[in-house]
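First the structure, in the form of structure tokens, and then the observations on it.
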Amino acid sequence: MWDHEIRAMASTHAIIAASVFMVTVLPAVFVPGFSVYGTHLLWLYLVSGVVTAVSVAVFWLLGITPPTKKHSLGYKLSRLFRSCLYFFLSCLFFHTVVVLYGAPLIESALETFSLAVLLTSLTTLRCLCVLGPNVQAWIRVFSRHGAMSVWDTCLQITVACTMVGAWLGAFPIPLDWDRPWQVWPVSCSLGAIIGFLTGLVAAPAWIHYHRKHLTYKCK
Amino acid sequence: MKGLPVLSLLLWLCSVYFVGIYLFVSGFLLVRLEVNRTSGCGDVLQPGQEPADFCRVQPRFRRVVLLVIDALQLDFARFDPGNTAPRPYENKLPVLEETVSSRPAHSRLYPFRADPPTTTMQRIKGFTTGSLPTFVDVGNNFASSAILEDNLIHQFVQTGKRVVFMGDDTWESLFPKKFHRSLPFPSFNVKDLHTVDNGILQHLYNTMVGDDWEVLVAHFLGVDHCGHRFGPDHPAMAEKLTQMDGVIRSVIDRLQNDTLLVVMGDHGMTDTGDHGGESQKETDAAVFFYSPFPLFAGPLSQSEPDVVPQTDLVPTLALLLGVPIPYSSVGQVLLPLFPPHGQTEGAVGGLSQLEALWINAKQVNRFLETYSTMAKDIPPESLSQLKDTFSQLSSEYLTTIRGGPSPSPELATSLQAYLTSVRDTCRATWAQFNPFKMAAGLAILTLACLICFILSELSFALNGENRSGLKAQVAVALTAGLCVAVCQLYTRGYIEVLWCVAAAAFSSELLFLWRARQSGVCAVAKNGSIAPKCATWLTPRRLLAPPLLVLLLRCASLLSDSYVVAEGRVVTFLVFSLALYIPVHLNWDSLLLPPSHDPLKPAGLLPSPALSPSTVRKESSTLLSCLGLLIGSLYLSLSFHSCREEQGSCQPSPFLSPLSRLQDSQLKNLHYILSVVSLGLCTYLLRCCLRHYGNLNSSGGTVFTARCILPLLSVCLGLHWAVSATPEDTFRNLTELISLAQLALPRAAFCLLGLGLFLIWLDPLTVFVKTRAEYSARGPSLPPPRYRASTGISPQAELHHLIPQIYQRMRRSLDDGELSGGSEAESRPAVEAYGLGTVYSAPLLLFCGLLGIGLLLLHPEGMALSFLLLLLEMAALLHIHASSTNLKGLQGTFSGGYNVPWTPIVLWSLAATQFFHATGHLPTFPSIQWGAAFVGFPDGHTGTTLPASLVTLNTFAAHILFAVGCPLLLFWPLVCEIRGSRGGRAFGEGGEDAVMEMRLRENPQQFSSALLQLATRYLFIHGAQVFASVCAAAILRRHLMVWKVFAPKLMFEASGFVVSSVFLLVGVTLVARVDVAVGRWFKRLIPDASR
């Protein structure tokens, strides 16, 4: 029934994953002195930027974004503005949550904020793309019967995977192994990205296997 | 409610846990056997010589002066002339460095390394017996008992030397009746810097001039006490060290030619002035040797040791003074103090280096042989290797003595290497475990955890069956214990009580499991509805639910030393994660927001008319704001943590040091005001809460406690802080008054606390009854008076914000039997009972709060803020639990019964651990706040029970508060219930009344099983943590960090469990007591009301 949707989803995810992969490998080959640990923040922002750009482009091309009611330029502009505002607010929100989880408040604020930007571009941006700038809808999606389409289910899975990945990423920090990836925020951002990639793979697979049981209310 | 079966079941569970813990700990903690033999003059014979008395030989020195300066850290003794701006503890003992540089042949200054534990009594034991300490000894610091092993003092006395002692009275208890003359001074009061030192100085010089002594020991305590009180970085320390400098100078001036002077520190101190652990600052003290007669062969050379282990003092002093080395010493002579071989002839006298080493090696070998016959803990391969080395060395030495080639320097080196390897072997193996006891303890603990879990999951099914069960268990336990005792008596001839108790616990556990299985099957057979419950309680899906997953993570974290070191932050992280999970989970079940109006949904499916969006929104916002409060207090609590020595770049919280240590008076005032404000806020919030639910209207004991004793206690506390913070020298004329106040205020607070707790126990009811005839006109048409009683209330009650608790429903259900429901509601006289709705929780809350303020008394002043956070976090947790229950109940998914789900209980018990850290405690021995023992007893104690219990109360304050308050989790959803939200049966007109906790009385069976479930779940969570740390200690018993991290963690976790379970029992007993009182109250009221 949703075969072509699942196929579209799989190819979208493949494009996003490939772009994350490229942005890790290409600079490492061509830019001297680039490494995931050494110039971690640069890599973080590269990944965030690429994921943002590719997601926005792909979802816009696919036409997943809920259609706007009005077609006036002003309305579109205000939507764009609100999306940017939500993006920024979500960065602040994630920053606060991470600090409350125990990240240093002042010392490495830049690192913490970069992690918040990464988390935002992996989770909130997807919400923006799929649901538009509508917080009510975001909250609704994350409930048992809240998903209204295949894309909503996919959103649930990827966001949950990213969050769990970032949460698990905090676990190795206290260990006394003195590895370069234990430095704040490397393990958390690696965890988030690995979780995100897992989510990208898991979402189409899960939906494919459960396609018989999935029923959606009509919009 | 049937209180007794619940209590006895819990008591049985706790005692089973205790047996398991005790069994494991007794097998795990090291025991070194003491060898009760002593060396004599006859058995240290020179080889190849005719039998002669060793002690008759002219020794190198006739007399020795041993100046022990407690906590003389290495940094204190060093002198750096280039240091232009010395800190208070630097460059204050120039005499040592001056002497060393001006008279290099006469003196040396060495770093002196103590073995952990670096507490004074263990150190005195260590540097008089020459043996290594074991872990068990740590606990004995309060009641130091006489040393039974062979030691230096004993040897001195044995050979007729007169030992004169002055100073720390610990010596007197360690060596009773050994001293020729003794001038002990009390050591226990760490606030007293001068008594001991001035006492010594009054007598030291006179004694030195006299000639009635051969050994003079003077133990100064001022430096140590100064460190405890002010820390090393304080002007008082400079003053104290300068005084010591003068003492050393005068002693050097009075020394005679045949006298050796040893100045030593028994241990060091950390930057905060504490000691007991094994960081380098604590273990590295200084030792200084001086003699007016040239002592050393030459100036400081390369071959001299960098660091002198503390045990090495024993053989060195013994041989220098010509007494046998104590039997069980494993020390090594300090070679530089003996002349090289071949120079012994002449006036010097005494032994050469090689001779001394030989005697030493022979003594150590003899000790090793004796020890290996007594105990089998030294591994045989290393033992035989050591024996081979010794026999080879001894033959080599003997050929040298019998006119062979001149001794090679290699011989001395290999003798030294032998001694070092013996010492290392002993150090490694005196970590001896009893694997059987450990395994048995583990088995009992595993079963106990399993029973706890089963009981908590099946308490509703099991509670009915178990009333007679406990008797059978006790009988079986007694039989098994007796059997084992008889067996032991037959096979071995003596009884080891521990094994009997273990057998008893184990058999009763097995019996319980068997019965649980039976009764579970019965319950399934009888009642089909329980069947799914029984069948599914162990599925992985249930076990991996997030609260249990968090518990699992917490337990797993106890197995890694890094996580134990970072425990405070780890627990906070977990609590925060689980707290965030609550709204996420509610949202996932679409319970957090009012459902959007769905036209497709048939109207009949809407669960209840109470489901109005506004109610849901109100509850959700309560939940979210409480979550914010919880998260805020979690975050702020991080700033009250103390620091372990393993955490390098960590600053302990500034609130941890007592006010008297602060020097900036403005900062002091600020801290004081903050503390007092938070104390006042605690008291005010507590009273507000009680008043809000109408519990302050009657005139019982509890109300009196809440109205008078609670504020009085706070006032006492505030005054006490003020008095103890005043600097000693500001009010000279008020000294007497201040010391009186320091004594009286805390004692008054203790008395008030005791009185308050007693009154709550005596009369726990907080119900104010008002009988009103005209009130019977109230029908369903009248709006139920919810918050404010509008008419005809006594002025006293009108002042307060009340909830009138309508007693009618209660009575109706009670009277139904007699009146068969025939009477009309209008014809009955009505009774209004204020505060009946919170009749259970109010005394418990007050008990908890009173205890909290009492425990705050034992903490440093700054911890008042932390206690305020604790109170707020408790309230936030309770409200989160209540509103999530309400949200579930509102939307029809309420599962029935009063059972408390896992999430709030896990949060509650993790919060206990979190506040253990946030009140400045750490699971390490040096971080124990010994100051708590002196609150109200500034002059020290005579016994050991009182100070030990005060320190325990201080250490486990958070555990105590959360354990006592645990039953509140059961009551709070009822207190905060939304009317008509639950109890489908009574949903009609009666449902409009606010019945609150009276629901529990209607269902005594469900009440008791819910209480049992709550308590067993709480016990399970704590028990699982104990189990995890027991596992950690058992698995990692040869780990590098076992004595530094895992063993102290195990001790703290186990003691925390014991304290928690005791106070959980106290809380449950209090609930049972209230229940009995409520029952009596009803009995009294019913004839009264239906008159």
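The values are calculated or read from the model by the stated rules, or taken from the named source; none is laboratory data. These figures come from a predicted structure and were not determined experimentally. Reconstructed Cβ throughout: ideal geometry from the backbone, glycine too, with neighbour counts over all protein chains shown.
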Notebook entry, point to check: So residue A:34 clears everything in (1) exposed (fewer than 13 other Cβ atoms within 10 Å of the Cβ); (2) of a type in the set (Phe, Trp, Tyr); (3) touching a Pro at 6+ places or on another chain (Cβ under 9 Å) except one condition, right? Which one?
Noted result: (1)
Checklist line | Selected residue [crowded, with 22+ Cβ neighbours inside 10 Å, at pLDDT 50 or above and more than 29 Å from residue B:1082 (Cα to Cα)] from B:890, B:850 | finding: B:890
Notebook entry, point to check: Which of the residues that make up the stretch B:489-524 are under 18 Å from residue B:439 (Cβ atoms) and either touching a His at 6+ places or on another chain (Cβ under 8 Å) or at pLDDT 85 or above (or both)?
Noted result: B:499, B:500, B:501, B:502, B:503, B:504, B:505, B:506, B:507, B:509, B:510
Margin query: Need the failing condition index for residue B:649 against (1) under 24 Å from the mean Cα position of the chain (by Cα); (2) surrounded by fewer than 18 Cβ atoms within 10 Å (Cβ to Cβ); (3) within 14 Å of chain A (Cβ to nearest Cβ), just the number.
Written below: (1)
Margin query: Kindly evaluate residue A:88 against the criterion of being under 16 Å from the mean Cα position of the chain (by Cα) and surrounded by 21 or more Cβ atoms within 10 Å (Cβ to Cβ).
Written below: no
Next item on the list: Among the numbered conditions (1) more than 20 Å from residue B:94 (Cβ to Cβ); (2) free of Cβ contacts under 8 Å to residues at least 40 places away in the same chain; (3) surrounded by fewer than 21 Cβ atoms within 10 Å (Cβ to Cβ), tell me where residue B:239 comes up short.
Entry: (1)
Note to self: Here is a check on your reading of the model: is residue A:78 polar (S, T, N, Q), without any contact (Cβ under 8 Å) to a residue 60 or more places away in the chain and either within 14 Å of another protein chain (Cβ to nearest Cβ) or out of contact with any Lys or Arg (no Cβ under 6 Å at 6 or more places or on another chain) (or both)?
What the structure shows: yes
Next item on the list: Run residue B:205 past the list (1) closer than 28 Å to residue B:948 by Cα; (2) modelled with pLDDT of 85 or more and report the number of the one that doesn't hold.
Entry: (1)
Margin query: I'm told residue A:181 meets every condition in (1) out of contact with any helix residue (DSSP H, G or I) (no Cβ under 9 Å at 6 or more places or on another chain); (2) part of a helix (DSSP H, G or I); (3) not aliphatic (A, V, I, L, M) except one. Can you identify the failing condition by its number?
Written below: (1)
Next item on the list: Among the residues of the stretch A:1-58, write down those that are more than 30 Å from residue A:131 (Cα to Cα) and in a helix (DSSP H, G or I).
Entry: A:25, A:26, A:27, A:28, A:29, A:30, A:40
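Looking at B:192, B:212, which one is without any contact (Cβ under 8 Å) to a residue 60 or more places away in the chain, under 30 Å from residue B:654 (Cβ atoms) and part of a loop (DSSP other than H, G, I, E, B)?
Criteria check complete, one pass: B:192.
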Margin query: Given the options A:103, A:137, A:147, name the one that is within 14 Å of chain B (Cβ to nearest Cβ), touching a residue at least 60 places away in the same chain (Cβ under 8 Å) and more than 30 Å from residue B:575 (Cβ to Cβ).
Written below: A:147
Notebook entry, point to check: Going through the stretch B:625-644 one residue at a time, which ones are away from every other protein chain (no Cβ under 13 Å) and either of a type in the set (Ser, Thr, Tyr) or assigned to a helix (DSSP H, G or I) (or both)?
Noted result: B:625, B:626, B:640, B:642
Next item on the list: Using the structure shown, decide if residue B:1005 is touching a residue at least 24 places away in the same chain (Cβ under 8 Å) and under 30 Å from residue B:837 (Cβ atoms).
Entry: yes
Check: Residues A:161, A:188, A:154, A:129: which one is within 14 Å of chain B (Cβ to nearest Cβ), part of a helix (DSSP H, G or I) and buried (at least 20 other Cβ atoms within 10 Å of the Cβ)?
Finding: A:188
Margin query: I want to confirm something. Restricting to the stretch B:225-261 and keeping residues that are among the acidic types (Asp, Glu) and in a helix (DSSP H, G or I), which single residue is nearest to the chain's Cα centre (by Cα)?
Written below: B:239
Check: If we scan the stretch B:154-164, do we find a residue that is in a strand (DSSP E or B) and modelled with pLDDT of 90 or more?
Finding: yes
Note to self: Looking at A:194, A:173, A:207 in this structure, which one is of a type in the set (Val, Ile, Thr) and within 14 Å of another protein chain (Cβ to nearest Cβ)?
What the structure shows: A:173
Note to self: Would you confirm whether or not the stretch B:223-233 contains a residue that is in contact with a strand residue (DSSP E or B) (Cβ under 6 Å, 6 or more places away or on another chain) and closer than 16 Å to residue B:181 by Cβ?
What the structure shows: no
Next item on the list: Determine which single condition residue A:200 fails, assuming it passes every other condition in (1) away from chain B (no Cβ under 11 Å); (2) closer than 21 Å to residue A:109 by Cβ; (3) assigned to a helix (DSSP H, G or I).
Entry: (2)
